[in-house]
1. Please list 114-121, 52-59 highest first by mean number of surrounding beta-carbon atoms within 10 Å per residue.
2. I'd like the orientation of helix 76-98 relative to the chain: the angle between its Cα long axis and the longest Cα principal axis, in ° from 0 to 90, rounded to 10.
3. Taking the simple approach of a point 7 Å from Cα along Cα-to-Cβ for both Arg13 and Ala69, what is their distance in nm?
4. What angle do you read, to the nearest 10 degrees and between 0 and 90, between the alpha-carbon axis of helix 102-115 and the longest principal axis of the chain?
5. Students often get this wrong: which residues of region 79-121 have the backbone nitrogen under 11 Å from the point 7 angstrom along Cα-to-C-beta of His55?
6. The list (i) 15.1; (ii) 17.3; (iii) 16.0 gives values of Kirkwood radius over Cα pairs in Å, and only one came from this structure; which label was calculated from it?
7. For Met79, Met97, Met66, give me the order by solvent-accessible area with a 1.4 Å probe, most accessible first, ignoring ligands, DNA and RNA.
8. So how much slack lies between Leu105 and Asp120, counting 0.36 nm per residue of separation and subtracting their Cα-Cα distance, in nm?
Amino acid sequence: MNSKAKEKFLQKRKKAQDFLNFMVVERGITSEKFYDSMDIVKRFSLEQISKALTHYCFRNGPVENMHAAPNSKLSDADMKTLNKFCVDKIFTFLTMMKNNKVAELTEIIEFGIQYGSNWDEPQYREGD
């Protein structure tokens, strides 16, 4: 990682840490309290949410188009493996949030910040 990318990463990390500190110190909101306050997790299980997010974020998009293409190299078995991997990872992440596994979550997020720094910025897509 070059020095410019490292500096950008450290700035994003500092902003995230400042926000977390504000939420905990100023508002008394831990990730567990935040998680428990979300109505959606009261209506649906983590398993259901994990499967829905896998469909929403992964399956119902370019991957499905690649799989359905006439000369697809993605078999049904490949798709089953990919779907299972995604559902398990999302379920694990949500469970970490629920159980306030701050160290593990921080490691995952910092990795994503560091190695995803050259990706396009995310955009909110209403109606997707």
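The values are calculated or read from the model by the stated rules, or taken from the named source; none is laboratory data. Remember, it's a predicted structure, so these values are computed and weren't measured experimentally. Positions of Cβ are generated from backbone atoms using ideal geometry, with glycine treated the same way; all protein chains shown enter the neighbour counts. To get the accessible areas, we keep the full protein, side chains included, count just its heavy atoms, and leave off ligands, DNA and RNA. Shrake-Rupley method; radii C 1.70, N 1.55, O 1.52, S 1.80 Å.
1. On the way: 114-121: 9.6, 52-59: 15.6.
Going by the mean number of other Cβ atoms within 10 Å, highest first, we get 52-59, 114-121.
2. 20 degrees
3. Placing both labels 7 Å along Cα→Cβ, they lie 3.8 nm apart.
4. Around 60 degrees separate the two axes.
5. Nothing falls inside the zone, counting backbone N under 11 Å.
6. It is the one labelled (ii).
7. On the way: Met79 5, Met97 45, Met66 110 Å².
Descending order: Met66, Met97, Met79.
8. Working: separation 15, 0.36 × 15 = 5.40 nm, distance 2.20 nm.
That pair, Leu105 and Asp120, stretches by 3.2 nm at full extension.
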